[in-house]
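Visitor: If you scroll down you'll find the structure; I have some questions about it.
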Amino acid sequence: MGPGPQYPHPLVSYYVTTPIYYVNAEPHLGHAYSTIAVDILARHMRQRGEDVFFLTGTDEHGEPVVLAAEREGVTPQELVDRNAPRFREMGEKVNASNDFFIRTTDPGHIERVQEIVQRVHDNGHTYEGTYEGWYCPRCADFKTDSELGPGNTCPIHEIPLEREREDNWFFRLSAFQEDLERLYEERPDFVQPGFRRNEALAFIRQGLQDVSLSRPRLRWGVPVPWDPDQVVYVWFDALLNYVTALGYARDEDVTDRYWPAFHVMAKDILKFHAIYWPAFLMAAGMELPKRLFVHGYLLMGDRKMSKSLGNVLDPFEVIDRFGSDALRFYCFREVSFGQDGAVSAAGFESRYETELANDYGNLASRTLAMVSRYRDGTVPDARPDSGLAADFEGAPARFCELLDRNELTQALEEAWGLVRRLNRFVEETRPWDLAKEDEQASRLDEVLYTLVEGLRVVTLLLYPYLPVSAERLLAALGADLEPPAELGSRGGGQSVDRIEPLFPKLEAQT
Ligand code: MSP
């Protein structure tokens, strides 16, 4: 064996992606939701010491961009240059820790799309043909008859569709029917949750038709290398971002280090990710994604929140008032990740008040105050209370297993159960009474140690959901951010600091 690299990469790498968002709309809570979900997973995996790469970005080609630019009297490039930063800022605002932000107008992306599309062509998976059918410019999707809404409308955007007829290049999707069926049989977890897998598989079993690989006339896109009068169909251009980014995000190409990816998205784009994408990768001779997780929609009222339906809850406003942690927490507490679910300002305020400000924030403030008052700010070195320790036992491992299965809401519930348990512990043990009696000094040591240690353990779990507050609280507890740990894995002796409330009460806000 030759000399290895000086800093060998960990064996496990964890590459996770959000969809890349269309830049012709304003970022809204729906986009933030996917970005936050992926950020929670990325932060948790980094915390566990895995070699993480988290990718997000913007999808900047396609007809809607050309149309929007025309309406506004600017060039498509000007439009995307103006809008892409809003999505980048959205990520920063929700405290996303992405390792790269890809734009499909990056030269590094365009070059690599051409290489891979050329390979698919050279491998014989393309042909020239005439497409005739219904096209929704907002979905950038050709609808089959069974996908049409009443009166030849788009069922998602509720707009009348135009019948298109054009000469373009086709991708032989139909030739991958059996390979895809085999993929779904051999890897039953390829698409999660299971009911989404079944949906994708049913779509495949219906029989796959070939799909357009390119579009003529449109100048805004990646030119097809062997036929520059055409541009690559925006969905293949967009899907390829997941691979191309690894080629140029760093000084060196990190594709081998991180590919294959784990993709997170909502159900609206299941077909592209669960069917077109693996088939296209097979055609290019590339390794398939590790897994797809398909989440549901955040609803306001009973409809999907989106720009075109005009019922948008502005994540920027919520964050300015309550901080990014509160929004991150609310989204995954209120709506079971994977399902559709409604969010509302009233629901947000109620969870903020009862759970963040009272259950967690207050527990933290009280614990720090009692250690400071009764033990001069030093955590007693004691053994954990046996009853509480028993209730905490195994929880960190269960939490990690839930996140390994992308159960973001259940993992949060597991952690929240511990927060509630700690609050009960305070009520049961009444440290303020123990402090009045000298003979209870060692019991008070035990109770305070257990509280600090319990708070530390639960905060390590909550860190990916509440990164700002968790880091503040860990610092105040004299603790480090480390992988999820069992209660009692740290002794006492540290000094603690009192801090301002983690989640100030609503009435205290201006
Ligand atoms: N550009 C394509 C994706 C290409 S990926 C290779 C696209 N863009 S989009 O801007 O429309 O974003 C769709 C994605 O945004 C959804 O799949 C989901 O991840 C997120 N969401 C947008 N609205 C949402 C909700 N109301 N609820 C949950 N997620 C939402 O499609």
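Visitor: Counting only helical runs of four or more DSSP H residues, what would the 222 nm mean residue ellipticity of the chain come to if each run contributes -39,500 (n - 2.57) and the total is spread over all its residues?
Guide: -13500 deg cm²/dmol
Visitor: Let's see if you can work this out: charge +1 on each Lys and Arg Cβ, -1 on each Asp and Glu Cβ, no other charges. What is the dipole magnitude of region 141-228 about its Cα centre, in debye to the nearest 20?
Guide: Approximately 200 debye in magnitude.
Visitor: Could you size up the charge dipole of region 237-378 around its Cα centre, putting +1 on the beta carbon of Lys and Arg and -1 on that of Asp and Glu, and report it in debye to the nearest 20?
Guide: 320 debye
Visitor: Continuing with the same structure: For residue 205 and residue 252, compute 0.36 nm times the residue count separating them, minus their Cα-Cα distance, and round to one decimal in nm.
Guide: Gain on stretching residue 205 to residue 252: 12.8 nm.
Visitor: Ok, one more. Determine which aspartates and glutamates satisfy two conditions relative to residue 93: a Cα distance under 20 Å, and not lying fewer than 8 residues away in the same chain.
Guide: Correct list for residue 93: 26, 39, 59, 81, 314, 317, 320, 325, 349, 471.
Visitor: Here's another thing I want to ask about it. How far, in degrees from 0 to 90, does helix 76-93 lean away from the longest principal axis of the Cα atoms of the chain, to the nearest 10?
Guide: With rounding to tens, the tilt is 20 degrees.
Visitor: For residue 75 and residue 482 in the same chain, what is the full-extension length gain: residue separation times 0.36 nm, less their Cα-Cα distance, in nm?
Guide: Extending this stretch completely gives an extra 141.7 nm.
Visitor: Could you do me a favour and compute the accessible area per residue for region 73-125, 1.4 Å probe, result in Å²?
Guide: Solvent-accessible surface per residue comes out at 45 Å².
Visitor: Relative to the Cα centre, what is the charge dipole magnitude of the chain, using +1 at the beta carbon of each Lys and Arg, -1 at the beta carbon of each Asp and Glu, and rounding to the nearest 20 debye?
Guide: Roughly 440 debye for the chain.
Visitor: Calculate, for residue 317 and residue 128, the FRET efficiency according to 1/(1 + (r/R0)^6) with r their C-beta to C-beta distance and R0 56 Å; round to the nearest 0.05.
Guide: So the FRET efficiency works out to roughly 0.65.
Visitor: Looking only at the chain, where both bridge partners belong to it, what percent of the DSSP beta bridges are antiparallel (to the nearest 5)?
Guide: Antiparallel: roughly 50 percent of the beta bridges in the chain.
Visitor: Rounded to the nearest 0.05, what FRET efficiency do residue 159 and residue 494 give with R0 = 60 Å and r taken as the Cβ-Cβ distance? Could you check?
Guide: Rounded to the nearest 0.05, the efficiency is 0.50.
Visitor: All other residues with a Cβ under 13 Å from the Cβ of residue 74 taken together, and with Lys, Arg as +1 and Asp, Glu as -1, what is their net charge?
Guide: Cβ neighbours under 13 Å give a net charge of -2.
Visitor: How do the peptides 363-369, 374-380 rank, highest first, by the average count of neighbouring beta carbon atoms within 10 Å per residue?
Guide: Highest-to-lowest ranking by the protection proxy: 363-369, 374-380.
Visitor: Ranked highest first by the average count of other Cβ atoms within 10 Å around their residues, in what order do 283-293, 410-420 fall?
Guide: Ranking, from highest mean packing down: 410-420, 283-293.
Visitor: Ok, one more. If we sort 324-334, 396-406 on the protection proxy, mean other Cβ atoms within 10 Å, highest first, what's the order?
Guide: 324-334, 396-406
Visitor: On to the next question. Just the number, please: carbon plus sulfur as a percent of the accessible area of region 54-188, 1.4 Å probe, no ligands or DNA/RNA counted.
Guide: Here carbon and sulfur together make up 45 percent of the probe-accessible area.
Visitor: Let me check I have the definition right: for the chain, take the eigenvalues of the Cα gyration tensor, multiply each by 5, take square roots. What are those semi-axes in whole Å, largest first?
Guide: Gyration-tensor ellipsoid for the chain: 49, 24, 20 Å.
Visitor: Right, next: Want the number for residue 437 to residue 187: 0.36 nm per residue separation, take away the alpha-carbon distance, what's left?
Guide: 83.8 nm
Visitor: Here's a follow-up. Cα axis of helix 177-186 to longest principal axis of the chain: angle in degrees, 0 to 90, nearest 10?
Guide: Its long axis makes an angle of about 20 degrees.
The values are calculated or read from the model by the stated rules, or taken from the named source; none is laboratory data. Everything quoted here is computed from the prediction, not taken from an experiment. A quick note on method: Cβ atoms are made from the backbone with ideal geometry, for glycine too, and the neighbour counts reach across all protein chains shown. Only protein heavy atoms, including side chains, enter the accessible area calculation; ligands, DNA and RNA are left aside. Shrake-Rupley method; radii C 1.70, N 1.55, O 1.52, S 1.80 Å.
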